[in-house]
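Right, one structure below, let's go through it.
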Amino acid sequence: MTPDFDVIFMTGPQGSGKGTQGKRLAAKLDFFLWDTGAALRAIAAQDTPLGKEVAGIINNGNFLSDELLIEILKDRLPGILKGKGVIFDGVPRRIGQAEYLLHYLREQGKNRMVTISIDVPREESVKRLLIRAEVEGRADDTPESIDKRLRFFEDVVKPMMEYLKKETKYIDIDGVPSIDEVEREIDEALGIL
C-alpha cells in the first residue's frame, strides 16, 4: 500500500520518543530519515571550519541559528529527496525554519505533508533524557542542558507547531505508553496498519 503522504515531520519535546518512532516509520515505509541531531553530531566530528562551528554550538547545549541550519539543509537535502519520502526528526524547530523547509519541499513536488506530534509531560522527558545520558553517554544530556532544551521547546518550538498545524495534516500522539503502543497509535493514525 502506497501511503498518501511523502513528508513526515516528527515533533515533540526531547525524550518524547520521536527519534525512535521516526526510525521505525522510516524502516517500515522505506522513507529517508533526516535525523537532525545525528546529522549535526556527524558534522561536528569533522575537522572543518563548519564542523568546529557546529561542535562549539552543540557542545554548549545551544541551538544553531536558522541561517546556519538552513545552510546545512540546502547543502544536503538535494541528494536525499529523489524519488523517496522523507521523515524529518528535529527540524523545523522555529517558524523561519518551517517556512523555508515547507517552501523548499513544495518546490520539489513534495506537497503531501504530515506532522506527528508526540507529547509527554515534562517530568517524563527529564526522566527519559537522564536515562539516555547514562546509557548512551551523551554529553549534551546534562540536567542544565535538558532544562534549557525543554524551555526552548515551550517558548520556541510550540509556536512553530501551530504553524505546522495550519500547513500540514497534524496528528497528536500520546507518547507515555510503551514504544510498541505508541507505534501502533501512529500507524493507525497514518492508515498504514
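The values are calculated or read from the model by the stated rules, or taken from the named source; none is laboratory data. Here the structure is a predicted model, which is why all the values come from computation and not from measurement. In this analysis, Cβ positions are derived from the backbone assuming ideal geometry, glycine residues included, and neighbour counts consider all displayed protein chains.
Kindly evaluate Val86 against the criterion of being touching a residue at least 40 places away in the same chain (Cβ under 8 Å) and either buried (at least 16 other Cβ atoms within 10 Å of the Cβ) or not small (Gly, Ala, Ser) (or both). It is true that Val86 is touching a residue at least 40 places away in the same chain (Cβ under 8 Å) and either buried (at least 16 other Cβ atoms within 10 Å of the Cβ) or not small (Gly, Ala, Ser) (or both).
Screening the stretch 65-83 for residues that are out of contact with any strand residue (DSSP E or B) (no Cβ under 7 Å at 6 or more places or on another chain) and assigned to a loop (DSSP other than H, G, I, E, B) and picking the one that is surrounded by the most Cβ atoms within 10 Å (Cβ to Cβ) gives Leu81.
Within the stretch 111-126, being more than 18 Å from the chain's Cα centre (by Cα) and surrounded by 14 or more Cβ atoms within 10 Å (Cβ to Cβ) holds for one residue alone: Glu124.
For Tyr170, the requirement of being among the aromatic types (Phe, Trp, Tyr) and part of a strand (DSSP E or B) is met. The criterion of at least 1 residues that are of a type in the set (D, E, K, R) and under 12 Å from the mean Cα position of the chain (by Cα) is met by the following helices (runs of 4 or more DSSP H) wholly inside the stretch 1-59: 18-29.
Each residue in the stretch 6-33 was checked for being surrounded by fewer than 19 Cβ atoms within 10 Å (Cβ to Cβ) and among the aromatic types (Phe, Trp, Tyr), and 1 pass. Scanning the stretch 85-110 for residues that are within 14 Å of Thr168 (Cα to Cα) and not in a helix (DSSP H, G or I), which turns out nearest to the chain's Cα centre (by Cα)? Applying the filter and picking the extreme gives Phe88.
Let's see how each residue does on (1) part of a loop (DSSP other than H, G, I, E, B); (2) without any contact (Cβ under 8 Å) to a residue 40 or more places away in the chain:
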residue: Val135; (1), (2): no, yes
residue: Arg138; (1), (2): yes, yes
residue: Asp155; (1), (2): no, yes
residue: Leu164; (1), (2): no, no
residue: Glu185; (1), (2): no, yes
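In the set (1) closer than 21 Å to Gly15 by Cβ; (2) touching a residue at least 40 places away in the same chain (Cβ under 8 Å); (3) out of contact with any Pro (no Cβ under 6 Å at 6 or more places or on another chain), Met113 fails one condition alone, (1).
Contact annotation: residue pairs with Cβ atoms under 6 Å, 6 or more positions apart or on different chains, pairing a residue in the stretch 1-27 that is under 24 Å from Arg122 (Cβ atoms) with a partner that is among the β-branched types (Val, Ile, Thr) and in a loop (DSSP other than H, G, I, E, B), are Ser16/Val120.
One residue alone among Gly96, Gly61, Gly137 is at positive phi, out of contact with any strand residue (DSSP E or B) (no Cβ under 9 Å at 6 or more places or on another chain) and surrounded by 15 or more Cβ atoms within 10 Å (Cβ to Cβ), and that residue is Gly61.
Restricting the stretch 140-153 to residues that are surrounded by 12 or more Cβ atoms within 10 Å (Cβ to Cβ) and part of a helix (DSSP H, G or I), which is modelled with the lowest pLDDT? Filtering the stretch 140-153 for residues that are surrounded by 12 or more Cβ atoms within 10 Å (Cβ to Cβ) and part of a helix (DSSP H, G or I), the one modelled with the lowest pLDDT comes out as Ser145.
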